[in-house]
Amino acid sequence: PPPAPTFWAPRAAAGPAFDEQELVRALRGAIKIPTVAFLRKQLNTTALIEFGKYIQKVFPAVFSTEFIQHEVVGEYSYLFTVQGSDPQLMPYMLLAHMDVVPASEEGWKFPPFSAEEDEGYIYGRGTLDNKNSAIGILQALEFLLRRNYRPRRSFYIGIGHDEEVSGLDGGKQIAMLLQARGVKLSFLLDEGSGILDGVIEGIKSPVALIAVTEKGSLTLNLTVRSDPGHSSAPPKETSIGILAAAVSRLEKNPMPRLFGYGPELMMFEHLASEFAFPLNIVMKNLWLFSPLVSRIIERKPTGNSMVRTTTALTVFKAGIKFNVIPHLASAAVNFRIHPAQKVAEVLEIVKDTIDDDRVEITVIEAFDPLPISPWDDQALGVQIFRRTIMDVFPHVSSIAPGICIGNTDSRHFTNLTDAIYRFNPVVFKADDVSRIHGWNERISVKDYEKQVEFLFQLIQNSDIDKLPKPHLSTHEL
Ligand SMILES: CC/C=C\C/C=C\C/C=C\C/C=C\C/C=C\C/C=C\CCC(=O)O
Ligand SMILES: N[C@@H](Cc1ccccc1)C(=O)O
Ligand SMILES: [Zn+2]
Ligand SMILES: [Zn+2]
C-alpha cells in the first residue's frame, strides 16, 4: 500500500490542474435534470431516474472500478462503498443530495433548469444546494481513479434523493442500511455551512464555519373551526379572524433570546480576533456582552437565526367564496429550534402565546436540535478539514465551529458516528445566502473547481492513520 500522507508538511501551492471544460459540462448536465421535490410523495421520479443514469454515464471509472460498489437505496438514492487498502482504518462518509426545491420561471436571470453560463457563473436550481456537492464528490473521485489512486481508508458516498422533503425515504434508508451492516464512521461530512466572505458583519476576511450541530425543527398545524353561514349576518369573530390573531401573536412575540447558551458562543469566541477593536474585546467576553451582541445581530434574519428559535408562518388557508362565512381556517408554522432549547419547551411557549382554546394545535413534524460534534485536537475529521482548507483556501483566516440553521440528511446518521460536520467547501458572499431556495441560485466556475479540488485533497488527506501530535500553527483552530 502507498505510504500515509505527511500531514503537516508544507504543500506545493498549486492545486491539481483539472480539465475545466469537463468539470463544468458535468455539473451543467446535472443542473438541467429537474429533480424537484415538492412534497414527500410528490417527487419528479422521472428526473430522479434520469439523474441516476446520468452519473453512470459521466463518471464511468466510479461505476466500473472493482473496489467500489454502488447500490440504489430507496429506489433513487445512491450509496457508494469505496474499499480502502487498509481495513484497520475506520471509514468516513461524504453526503450530498440530488433533489432540489421547486423554482419559479419568473424572477430568474436565466431559466432555473437551463444551467446557463454567464460571466463566469453557472446559473440554476441546485448549483449551491446541492448538486455542486453530489456531482463534485463523484467528479473528485473520478479524477483520482484516473490517476490510479486507491484509498487506504475506506469511505462511503451517500447521494440522497428526498433531502428537501425530510430524507426519510433516501438519506435515512442509507443510514439504516449501514447500521444493519454494523458500520461505524470516524466522521461524516454533509452540506449546511461554508466559507463566509462578508456575510458576518464586522469580519473582513473569509472565514470557514464548520457546523458542529444543526437546529431542531417543529412544524405545527393550527386550525380554527366555526359555524358556516351567510356573510350578510356575520358573527363577531370568524375562523379567519381568530386564526389571524393567533398567528400574529406568534410573529409579534419572538422566542426568547438564547444567544451565548449554545455552540454559537464557541463560534464567536473563535472568530473574536477577526473583529476590529472594540468588537474583538466584546466577542472574547460574551459571558458579559451576549445580551448586547444578540440585540445587534438579531436585526438581520440570518443573525436572528443564531440568537433564538425562529418562528416562520409558512402556510395560511381559509375561505371558499366572497359571501360564505368559512367553516375552517388553517395555518402552518415552522420553528427552527435553537441548540439550547427542546421541542417540548417551544410547544409550551406557543400554547401560552396563542392562549386561545379555539385554536387546535397539531404537530406535523418535530425533532430536537442535533448533538454537538467533537471539536478538538483529537477530532480526526476536524483536523483533516482544517488541513484541507488551509491547502485549498489559503486566504481563509479562521476555521471555526458553527451552527447549521437549516436541516440536512446528516441528522439521520447519529447512530453511526458522533462526529457529524456540515460544511460545503464554497465561498458564500453576502448576496449568495438569499439565492439558496431563492432566485438566481448560481456558482462560479472558479468556486466549483475549488470545491472539486477540496474534495480531491480531502479524500487523500483522509488516508492518514492517526493525527500527528498537535503543534503550533499560525492558524487558529
Ligand atoms: C445548501 C447550502 C449549504 C450551505 C450554506 C452555507 C452557507 C450559507 C450562509 C449562511 C446561512 C444562511 C442561509 C442558508 C440556510 C440554510 C443552509 C443550511 C442547510 C441547507 C439544507 C437544505 O435546505 O438542503
Ligand atoms: N433541508 C430542508 C428540508 C427539511 C425541513 C425540515 C426538516 C427536515 C428537512 C430544510 O432545512 O428546510
Ligand atoms: Zn435546500
Ligand atoms: Zn441541501
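The values are calculated or read from the model by the stated rules, or taken from the named source; none is laboratory data. Bear in mind the structure is a predicted one, so any value in this text is a computation, not a measurement. Glycine also receives a Cβ, built like all others from the backbone with ideal geometry; neighbour counts cover every protein chain displayed.
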So which of PHE413, PHE385 ends up being within 16 Å of ligand 2 (Cβ to nearest atom), crowded, with 20+ Cβ neighbours inside 10 Å, in contact (Cβ under 8 Å) with a residue 12 or more places away in the chain and not small (Gly, Ala, Ser)?
PHE413
All-but-one check, ASP463 against (1) in contact with a helix residue (DSSP H, G or I) (Cβ under 9 Å, 6 or more places away or on another chain); (2) part of a loop (DSSP other than H, G, I, E, B); (3) buried (at least 21 other Cβ atoms within 10 Å of the Cβ), failing number (1)
The stretch 368-419, residues that are within 16 Å of ligand 3 (Cβ to nearest atom) and more than 24 Å from PRO206 (Cβ to Cβ):
ASN407, ASP409, ARG411, HIS412
The number of residues in the stretch 246-288 that are small (Gly, Ala, Ser) and surrounded by 15 or more Cβ atoms within 10 Å (Cβ to Cβ) is 4
Is the stretch 213-229 home to any residue that is of a type in the set (Asp, Glu) and free of Cβ contacts under 8 Å to residues at least 40 places away in the same chain?
no
Would you point out which residue out of LEU168, LEU177, LEU222 is within 16 Å of ligand 4 (Cβ to nearest atom), modelled with pLDDT of 95 or more and among the hydrophobic types (A, V, I, L, M, F, W, C)?
LEU168
Hey, any hits in the stretch 441-454 for a residue that's basic (Lys, Arg), within 30 Å of SER85 (Cα to Cα) and assigned by TED's automatic domain parsing to the domain that holds PHE155?
yes
For the stretch 306-342, what are the residues that are crowded, with 17+ Cβ neighbours inside 10 Å, aliphatic (A, V, I, L, M) and under 12 Å from SER217 (Cα atoms)?
VAL333, ILE337
Please specify each residue of the stretch 141-166 satisfying the condition of being touching a Lys or Arg at 6+ places or on another chain (Cβ under 8 Å) and surrounded by 22 or more Cβ atoms within 10 Å (Cβ to Cβ).
ASP162
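Being in contact with an Asp or Glu (Cβ under 9 Å, 6 or more places away or on another chain) and in a loop (DSSP other than H, G, I, E, B) is the filter here, so list the residues in the stretch 409-427 that pass it.
Answer for the stretch 409-427, where residues must be in contact with an Asp or Glu (Cβ under 9 Å, 6 or more places away or on another chain) and in a loop (DSSP other than H, G, I, E, B): PHE423, ASN424, PRO425, VAL426.
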So, in the stretch 172-198, how many residues would count as being under 19 Å from PHE454 (Cβ atoms) and either part of a strand (DSSP E or B) or among the hydrophobic types (A, V, I, L, M, F, W, C) (or both)?
7
Residue check for ALA37: touching a helix residue (DSSP H, G or I) at 6+ places or on another chain (Cβ under 7 Å) and among the small types (Gly, Ala, Ser)
yes
Mind checking which residues of the stretch 189-198 are more than 16 Å from ligand 4 (Cβ to nearest atom) and buried (at least 20 other Cβ atoms within 10 Å of the Cβ)?
ILE195, LEU196
Of these, VAL24, VAL62, VAL72, VAL100, which one is away from ligand 3 (no atom under 16 Å from the Cβ), in the same structural domain as THR408 (by TED's automatic domain parsing) and within 23 Å of HIS412 (Cα to Cα)?
VAL72
With more than 16 Å from ligand 1 (Cβ to nearest atom) and charged (D, E, K, R) as the only criterion, which of ASP162, ASP86 stands out?
ASP86
Over the stretch 190-212, the set of residues more than 11 Å from ligand 1 (Cβ to nearest atom), out of contact with any strand residue (DSSP E or B) (no Cβ under 6 Å at 6 or more places or on another chain) and of a type outside the set (Asp, Glu) is GLY202, ILE203, LYS204, SER205
